Every structure is written in structure tokens, then in C-alpha cells.
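These notes are about the structure you will find just below.
The values are calculated or read from the model by the stated rules, or taken from the named source; none is laboratory data. Quick caveat: nothing in here was measured; it's all calculated off a predicted structure. Glycine also receives a Cβ, built like all others from the backbone with ideal geometry; neighbour counts cover every protein chain displayed.
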Amino acid sequence: MNFWEALILAIVEGLTEFLPVSSTGHMIIFSALMGINEASFTKVFEVNIQFGAILSVVVLYWRRFFTRLDFYFKLFVAFIPAAVLGLSFEKYIDQLLGSVVVVAVMLLIGGVFLVFVDSLFPQSTDAPEQEIKYSTAFIVGFFQCIAMIPGVSRSAASIIGGMTQGWSRKQAAEFSFFLAVPTMLAAAGYKLLKDFDKIQVADLQILLFGNVVAFIVAMFAIRFFIDFLTRYGFKAFGYYRIVLGLTLLVLMAFGVDLKIT
């Protein structure tokens with residue numbers, strides 16, 4: 001991977017990590033189009049540039065991260081399902097990573113759901129902010145696990161999980177951002193330690209560069225998403241996912257080589 005390829009993937013990560021469109025799915029698509037998805041370092045890079053995206057959440061919401069102690073306990077409770085299931089099914093999750101077919105199908109299915117999700121939870125538009133209980137945090141954590149399938153979107157799964165508990169779109173989205181911190185930190189740290197012996201000095205420079213770019217782009221993406229979601233809901237993201245998913249399936253049906261692993 002060179003710096004231009006790293007720049008593209010980092011921009012994609014920063015733009016899509018907190019949007020309900022699947023950042024993992026988009027990076028798989030772009031790495032396949034660039035022909036680098038078969039490289040072992042590409043998967044390490046795709047996971048570890050999430051550090052930059054995590055930092056953007058901490059910077060934007062630093063007051064929330066340095067307030068009450070029970071806030072951390074609730075995040076930990078919500079994180080438990082992903083930690084347990086992620087370690088238990090690590091081999092199967094890794095097998096799915098890199099499959100453009102899986103990404104395309106899940107983008108399409110998830111897009112159809114997002115088109116109608118606002119009507120399923122009409123209270124989410126102006127619902128008052130609620131006190132987050134440990135039980136509801138745990139439920140949202142289970143919803144997040146659905147996103148272990150590439151193309152689902154961790155953001156979408158956890159936000160919808162919050163809406164099932166009567167939260168507003170804004171409250172659900174912000175908790176999804178907060179939950180991303182322990183979830184992505186654990187995933188990125190585990191992947192880095194596991195594959196550290198395979199990483200060269202030049203690779204570390206690319207990782208650092210990617211994290212800086214992802215951090216900057218994610219700062220803008222989060223601000224945009226909160227405002228857009230509060231005003232307009234999920235429908236536009238649903239249509240985008242449907243168009244992208246169908247486009248990928250049609251291209252592959254006509255024999256376009258997306259270098260699927």
C-alpha cells in the first residue's frame with residue numbers, strides 16, 4: 001500500500017465510520033477496486049485507522065467523557081456483547097472481510113430497512129433525552145454485533161438499537177459514537193498486537209498518516225451526520241445503500257472483476 005491508496009481509504013473511513021452506510025463495506029469495496037484487498041497489511045490498515053476516528057469522538061464530546069463514572073460502566077456493559085461474540089467468531093468474521101458479494105447484499109438489505117425505519121419509530125424525531133439504563137445499554141450492545149457482518153454498518157445497527165429503546169435519533173446516534181470508542185479501540189488494538197510482527201517501519205508511517213487523515217475527516221462527518229439525521233432521518237442513507245448495493249451486484253453479474261477474495 002502506498003500513501004495515495006492510504007489517503008483514499010482513510011478519507012473513506014473518516015466519512016463513513018459514523019454514517020449508517022458501513023465503513024468496513026466501503027473500505028472493502030475501495031481496496032478491491034484498487035487491487036490491494038489481498039494484501040495482509042490492507043486488513044490491518046482498515047482496522048487500525050479507526051484509532052483516528054475514535055479520537056475525533058473523544059475530542060468533540062470531551063465533556064461527556066470526563067463527567068460521571070457510571071458513563072464508563074454503561075459503555076463497558078454495552079461493549080460486552082461485541083467483545084464476547086467478536087472473539088468467539090473471529091475466524092468466521094475474518095472470512096467475510098474482503099467479500100464484495102457479502103457487502104453488496106448487506107448494503108441492499110440494510111438500505112431497504114433504512115428507507116422505512118423512520119416510520120417504524122415515529123417517536124424518534126422529537127423524543128426527550130432519557131436516562132440510559134444498564135439494561136438498555138446492554139441491548140444496544142447486542143444490536144451493534146449485527147455489524148460484524150460486513151456491509152451492515154455498526155453505526156446503523158447501534159442507532160436503531162437505541163431507537164428501539166425509545167431514544168431520539170440524536171441520543172441514539174451520540175451513544176453510538178460513544179460506544180464506538182471501546183469497541184473500535186479493542187478491535188484496532190487487538191489487530192495491531194496480533195499482526196505487529198508482520199508490519200514494517202514503512203507500514204507504521206502509513207498507519208500514522210491514515211489515522212491523521214481519518215481523524216480530520218471524521219470530525220466534519222460527525223457534525224454533518226448529527227444535524228442531517230435530526231432533521232431528515234435515515235431515508236437518504238437508505239436510498240444510497242440500495243443504489244450502491246444494486247450497482248455492485250449488477251457489475252459483478254456482468255463479469256466486472258472486483259478482485260473478490
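Here is how the numbers come out for the structure above:
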{"item": "Out of Leu55, Leu60, Leu69, sole residue that is more than 19 Å from Val213 (Cα to Cα) and either surrounded by 15 or more Cβ atoms within 10 Å (Cβ to Cβ) or over 14 Å from the mean Cα position of the chain (by Cα) (or both)", "result": "Leu69"}
{"item": "Region 244-256 - residue that is outside any loop (DSSP other than H, G, I, E, B) and without any contact (Cβ under 8 Å) to a residue 40 or more places away in the chain and, of those, farthest from the chain's Cα centre (by Cα)", "result": "Ala253"}
{"item": "From the options Val140, Val84, Val58, residue that is over 26 Å from Glu5 (Cβ atoms) and without any contact (Cβ under 8 Å) to a residue 12 or more places away in the chain", "result": "Val84"}
{"item": "Residue count, region 65-107 (criterion: basic (Lys, Arg) and touching a helix residue (DSSP H, G or I) at 6+ places or on another chain (Cβ under 7 Å))", "result": "1"}
{"item": "Phe45 vs. criteria surrounded by 22 or more Cβ atoms within 10 Å (Cβ to Cβ), closer than 22 Å to Ile160 by Cβ and modelled with pLDDT of 85 or more", "result": "no"}
{"item": "Residues (modelled with pLDDT under 90 and small (Gly, Ala, Ser)) located in region 11-31", "result": "Ser22, Ser23, Gly25, Ser31"}
{"item": "Evaluation of Gln171 against (1) crowded, with 20+ Cβ neighbours inside 10 Å; (2) in contact (Cβ under 8 Å) with a residue 60 or more places away in the chain; (3) not β-branched (Val, Ile, Thr) (one fails), failing number", "result": "(2)"}
{"item": "Any hit, region 215-233, residues being closer than 30 Å to Tyr72 by Cβ, touching a residue at least 24 places away in the same chain (Cβ under 8 Å), assigned to a helix (DSSP H, G or I) and in contact with a Lys or Arg (Cβ under 6 Å, 6 or more places away or on another chain)", "result": "yes"}
{"item": "Restricting region 143-153 to residues that are in contact (Cβ under 8 Å) with a residue 60 or more places away in the chain and either touching a His at 6+ places or on another chain (Cβ under 7 Å) or assigned to a helix (DSSP H, G or I) (or both), the residue that is farthest from Ala83 (Cα to Cα)", "result": "Ala147"}
